[in-house]
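FYI, it's all coordinate maths here, none of it is from the lab. Being a predicted model, the structure only gives us computed values, none of them experimental. Cβ: placed from backbone, ideal geometry, glycine included. Neighbour counts: every protein chain shown.
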Amino acid sequence: MANLWSEAEAAGKDEMALLVYQSRLIGADASLVVWGGGNTSIKRQVKDFRGREAAAMTVKGSGSDLKTIQPKDFPSLRLEDVLPLMERDSMSDDEMIAYLAQCLLDPKAPRPSIETLLHAFLPYHSVVHSHADAIVALTNTKESDAVLREVYGNRAAVVEYLRPGFALSKLVGQRVRENPEVDGVVLVNHGLFTWGDSAKEAYDRHVDMVSRAEERSTHRARGRRVFTPAPGLALEKPERRRVAAALAPALRGLVSRGQVMTLRYDDGPDVLEFVNSGEAAALSQVGPATPDHTLQTKIKPLWVEAAGPLDASRLAQGLKAAVDRYVSEYSAWYRANTDGGHPMLDPHPRVVLIPGLGMWSTGKDARAALIAGDVYHHTISVIKAAEAVGSYASLSDKDAYDVEYWPMELYKLTLAPPERELSRRVALITGAAHGIGRAVSLRLAAEGAHVVVTDVDLDGASALAQQINDAHGYARAKALRMDVTNPEEVAAAFHSLRLAYGGLDILVSNAGVAPVGAIHELSLASWQRAMDVNATGHFLVAREAVKLMREQGMGGSLVFVGTKNVPAPGRDFGAYSASKAAEAQLARVLAIENGERGIRVNVVNPDAVFQDSNLWSTELKEQRARAHGVSVEGLEDFYRQRNLLKERVTGEDVAEAVVFLAGPRSSKTTGAMLPVDAGVTDAFPR
Ligand code: ZN
C-alpha cells in the first residue's frame, strides 16, 4: 500500500491535529477499515477542568468514522485512573464501560471505543489499529502461524483470537511487555496494531506491515489462479441484469418474512469473479473473516445453487427452498451456541450469492444494505488473498455466535432511533417533481419510506431526490425519468427500481394533465392526451406495480390521486372528468382483483390544490376563472368559499391522506375513495 503521509500537510500541526490527519489517512483506505472500523489514539499532557496538568489518552470515540473524524470525536481519559486496570484479572464489558466513563476528562465527551484499554495498555505515544484485509488474509489461513513468522520474523507479536474487551487488551499489553522489540501486534481473525513515538512513526509502521502482508499474498498468487471460472455462468450485462431484476421481488419477499428488508443488487467484477468460480460454493460457507464482518453479514451468506443457462422462473422456484434451508441452519447454529441469554435474531441472510448473477445484500434501509454489501466485498478480498497464501480459515462457530449475540452490540441496537410508520418500505410516486406528487414524496420520506420519484421533468425529480437524501440519508430517494404514457419508459423505471431496492410496497399514481374546453369545441388531440395520461398512464404504471407486488408476495398499497371531478364533474372539463373517472374505475377493479393477495387499492379525491402545481397552468386558471365568472386572482378564494370548511386545500393535506392509505393504519380499507376537498357536497362519495 502507498504511504500517503505528506510532510507539507503535516507541517505546523499540533499533536491533536496530527492525530486527526493520521486517522483520516487510515480511514480513507477502504482496504484498512470500512464503515466505522479501526481506531487511533495518542497519549499526551492535557489540562483538566481546573487547569491542572494531567497525563491523558485521547482515543477515537465509539460510533465515529476515521475517514471524516474531527477533534470532537476523540474523548480523553485520565491515564492515572485507567492504567491500574492492567492489574485486574477480569472485567465484564459493562464494568469496563462504566469504569471508563468515570475516567473521562470531559464527562460529556463521546463514549470511548471498546478497544480503549488495548490502546491504553500499549506504552507508546501514538497507536494505530486497523482491520486491514491483507493482514486478516494472513491470519485467516490454516497455515497462519508459519506464514506470519515468515513475513514478520520477531518484528510482530501474534495474539490469538479473543473478542475485543478487557481480556484481549490485557493479553496484548502483557505480550508487548514481554517482547519490547516488536513494532506491532497482529490479532488473529481481527487486524493490526502499530505504534510509535510520533503519529508519523505509528502510521509508517502500519503501512510497512500491511505492505509486507500484501506482498506475501500477491507474490504467492502470481501465476496462480485462485478462483477458477465455472463453465456457462458468465452472462452479458443486460441479460444478467434482466434476470436479476426478474428475480429480485421474489427474493425480497423471502428474506422479509421476519422483518421487511431493503435489497441492494451488486454485480461488481470482484463479486462476479467469486460467484462464478468453482470454489465459491465451498469458500463462501467457511465463515466470517472478522468480528466486524460478522456483525454486518452474519456468520454466512446464502449460497443459491444455480447452473447455466440462467432462467429467472427456474431460479425463483429453487429460491424458497434455499432460503428455508438457510433459516433452518441458522436456527440450528443459534440453538447449538446460545446460553438462553438472548432470543434468536432475524434468521434470514444479509448477503445472498447467486452464480451468474452476483450478490444481493439486505438491510433495514438502503444504507444498511450498502454497508453489508461493502463488507462482503472485503470478505471476498480476504478469502482471495488467503487462498493465495494457503487455505482460508475463519472464526469458529462459537466465536461467531459470541460476536453476533455480543450483549454490547445488542444494546447498541436498542439505542437506534425508533422506526417510523413507513420505515423499510419502498414507494414509487409518479408526477413527483411538483405539486401534490412532491408533497407526497417529501411526506412518505419523512415517514421513513424509500421513495422513487419519477417525472417527465427529470431535473425537478433529481433536485427533489437530492433534497430528500440530504435530509434522510443515503439512497432514501432515487430520481427516474418516467413518462407514464410510454410503456418502455415505465418498464425501464421498474427495472431500475427492482435493482436499486429489490421491490415495491407503495405506488402513488399521481401524474395527470387537465385539458380544458367544452366538448363541442374539444379537439381529438386534447381528448386523447387526457386519456393517455389520466387513464392509460395509470394503467401502465399500476400493471407493473401489481405484477411486481404479486411476485414479491408481501401485499402492498396502491393510492391513486383522483379528483373531486370524479363524483362531481364540471363544465368545460369533459376530457379531464371522463379520463379521471376511468382512473377511478381502474383503481376499483385493481382492488377487486388483488384483495386476496393483500394488495389494497384506494383513491384520494383532492380539489383545487394550486400550490406549486403543474396541473394548474395559467391557461387552466384563466379558463376556470371564466367558467366560474371570477378573476384569476380570485380563483383560489372562489374555490375556498365554495367548500363547507371554507379552507384552502394544500399538497400536504393530500399527502396526509396518502400516508394514511399507504400505511398500516388503513390495513382494512380497500376500494375506497377519500375526499380531500374541504367538503364539497356534490362530491360526497356515494
Ligand atoms: Zn478492531
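Worth pointing out:
- Selection from 436, 549, 594, by position along the positive dipole direction of the chain (Cβ): 594
- The stretch 1-59: C-alpha gyration tensor shape, a/c 1.5 cut-off, then a/b vs b/c: oblate
- With neighbours defined as other Cβ atoms within 10 Å of a residue's Cβ, the residues 374, 365 order from fewest to most as 374, 365.
- Rh by Kirkwood over Cα pairs, then Stokes-Einstein D for the stretch 237-415 at 0.692 mPa s and 37 °C, µm²/s: 198
- Put in line by how crowded their Cβ is, counting other Cβ atoms within 10 Å and starting with the fewest, 350, 205 read 205, 350.
- Volume per residue of the C-alpha convex hull in the stretch 337-455, rounded to whole Å³: 150
- Diffusion constant of the stretch 1-106 at 25 °C, which comes from Stokes-Einstein with the Kirkwood Cα-pair radius and 0.890 mPa s, µm²/s: 160
- Relative contact order (percent, whole number), the chain, Cα cutoff 8 Å, 6+ residue spacing: 10
- Local charge for residue 433 was computed over the other residues whose Cβ lies under 13 Å away, with Lys and Arg +1 and Asp and Glu -1, and equals -3.
- DSSP-assigned coil residues among trypsin sites (Lys or Arg not before Pro) in the stretch 546-582, each with at most 16 further Cβ atoms within 10 Å: 571
- For 485, 218, 454, the sequence from fewest to most other C-beta atoms within 10 Å is 218, 485, 454.
- Helix 166-178 and the longest principal axis of the C-alpha atoms of the chain enclose an angle of approximately 40°.
- Near residue 489, once Lys and Arg are set to +1 and Asp and Glu to -1 for all other residues with Cβ below 10 Å from its Cβ, the sum equals -1.
- Each peptide among 85-92, 334-341, 473-480 gets the average number of other Cβ atoms lying within 10 Å of its residues, and from highest to lowest they stand as 473-480, 85-92, 334-341.
- Per residue of the chain, the DSSP helices (runs of n ≥ 4 H) give a summed -39500 (n - 2.57) that works out to -14000 deg cm²/dmol at 222 nm.
- Summary of the geometry: the stretch 312-369 and the stretch 562-604, compared by the centres of their Cα atoms, lie 40 Å apart.
- Relative intensity of the stretch 406-496 on a log10 scale, I(q)/I(0) at q = 0.21 Å⁻¹, equals -0.93, per a Debye sum over C-alpha point scatterers of equal strength in the absence of solvent.
- log10 of Debye I(q)/I(0), alpha-carbon scatterers only, for the chain at 0.05, 0.06, 0.08 Å⁻¹: -0.32, -0.44, -0.72
- In the stretch 7-221, one over the average inverse separation of all distinct C-alpha pairs is 17.5 Å, which is the Kirkwood hydrodynamic radius.
- Over the stretch 7-221, Cα pairs under 8 Å with separation of 6+ residues give a relative contact order of 20 percent.
- Chain lengthening between residue 637 and residue 155 when straightened (0.36 nm per residue, less Cα-Cα): 165.3 nm
- Residue 479 long-range amide H proximity, modeled H, under 5 Å: 453
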